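The values are calculated or read from the model by the stated rules, or taken from the named source; none is laboratory data. No experiment lies behind these values; they were computed from the predicted model shown. In this analysis, Cβ positions are derived from the backbone assuming ideal geometry, glycine residues included, and neighbour counts consider all displayed protein chains. Remember, those area values only see protein heavy atoms, side chains included, never the ligands or the DNA or RNA. Shrake-Rupley method; radii C 1.70, N 1.55, O 1.52, S 1.80 Å.
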Amino acid sequence: MRKTPRTFALALALLGLALAQGTEVKVAVAANLRDAFLDIVRAFHQANPGVQVQANFGSSGAFTQQILQGAPFDLFLAADTGFPRALAERGLAEEPPRVYARGKLILFLPKRVGIKPKDLAVLLNPAIRKVALANPEVAPYGRAAKEALTQTGLWEKVQPKLVYGQDIAQTAQLTLVAADAGFFNFSALFTPAFRNQGEAFLVPQRLYTPLDQAVILLKGRARPEVRRFYAFLFGPEAKRILVAYGYQVP
């Protein structure tokens, strides 16, 4: 069968599409990491202009379910070690989870509330009527907040005030625009949206399970460009960016 100019052009287009897909890295990223991760991607792209990184942000629990159902991610950067470990135990990872950062939990009160928090007991103040919390079932930072409130004997007392976000990014926004207080990631304070917008209390790390955040390379997705970005996450530039956003790094 003789190829016409139209079929030849179509073949070239399909080849171009295949090559483009072959240099794209699809990443599921815990919402708390959004701003830092975008900076990491920019730094990676400067050194690897031919590789595109497609970032999807959300809760670690929701991504875990999507991956179990076959979502085509190459890497999964979670907000804890538990969700990646569960996937690895099911044979869905090329290698064991690897911790890339440790996060910190804060209690944040917007400027309009006019209260500076000195401890978690501030949530009992009648002026605080709504407290934003990420869903503890799917968001590790929400789970950490529940642990801290339970450890201090405040969980039952604060429960009637709780309003839930689907992930930590939504919870942070909810705190800023609609709630009187909220629990979210310390790294948010290093972004323009939250700078000078309220008062924060750094929740003592002894009150919750350490927020060690791990990454896995998903089974069958270890293409060269994926390996390259995976390695970049543990390089000096990515570590510098994470530290600049208040994370601890290995």
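Just one of (1) at pLDDT 95 or above; (2) surrounded by 13 or more Cβ atoms within 10 Å (Cβ to Cβ); (3) not acidic (Asp, Glu) fails for residue 68. It is (2).
Set side by side, the residues 158, 122 differ, and just one is over 26 Å from residue 34 (Cβ atoms), more than 25 Å from the chain's Cα centre (by Cα) and open to solvent by less than 10 Å² (accessible area, probe 1.4 Å), which is 158.
Only one entry of 101, 88 meets the criterion of being at pLDDT 95 or above, closer than 22 Å to residue 246 by Cβ and open to solvent by less than 50 Å² (accessible area, probe 1.4 Å), and that entry is 101. Please indicate, with yes or no, whether at least one residue in the stretch 209-216 is on the phi > 0 side of the Ramachandran plot, modelled with pLDDT of 95 or more and surrounded by fewer than 20 Cβ atoms within 10 Å (Cβ to Cβ). Checked the stretch 209-216: no residue is on the phi > 0 side of the Ramachandran plot, modelled with pLDDT of 95 or more and surrounded by fewer than 20 Cβ atoms within 10 Å (Cβ to Cβ). Would you pick out the residues in the stretch 219-239 that are touching a Phe, Trp or Tyr at 6+ places or on another chain (Cβ under 9 Å) and of a type in the set (Lys, Arg)? Hits for the stretch 219-239 are 221, 228, 239.
Does residue 94 satisfy being among the acidic types (Asp, Glu), surrounded by fewer than 19 Cβ atoms within 10 Å (Cβ to Cβ) and within 20 Å of residue 24 (Cα to Cα)?
Values: among the acidic types (Asp, Glu): yes; surrounded by fewer than 19 Cβ atoms within 10 Å (Cβ to Cβ): yes; within 20 Å of residue 24 (Cα to Cα): yes.
Yes.
Based on what the data block shows, is residue 138 touching an Asp or Glu at 6+ places or on another chain (Cβ under 9 Å), open to solvent by 30 Å² or more (accessible area, probe 1.4 Å), at pLDDT below 95 and under 18 Å from residue 212 (Cβ atoms)?
Values: touching an Asp or Glu at 6+ places or on another chain (Cβ under 9 Å): yes; open to solvent by 30 Å² or more (accessible area, probe 1.4 Å): yes; at pLDDT below 95: yes; under 18 Å from residue 212 (Cβ atoms): yes.
Criteria met by residue 138.
Okay, residues lined up against (1) assigned to a helix (DSSP H, G or I); (2) in contact with a Ser or Thr (Cβ under 8 Å, 6 or more places away or on another chain); (3) surrounded by fewer than 20 Cβ atoms within 10 Å (Cβ to Cβ):
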site	(1), (2), (3)
164	no, yes, yes
169	yes, no, no
175	yes, no, no
183	no, yes, no
187	yes, no, no
196	no, no, yes
234	no, no, yes
239	yes, no, yes
250	no, no, yes
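Of the residues that make up the stretch 22-41, is at least one of a type in the set (A, V, I, L, M, F, W, C) and either at pLDDT below 50 or more than 18 Å from the chain's Cα centre (by Cα) (or both)? Scanning the stretch 22-41, I find no residue that is of a type in the set (A, V, I, L, M, F, W, C) and either at pLDDT below 50 or more than 18 Å from the chain's Cα centre (by Cα) (or both), so the answer is no.
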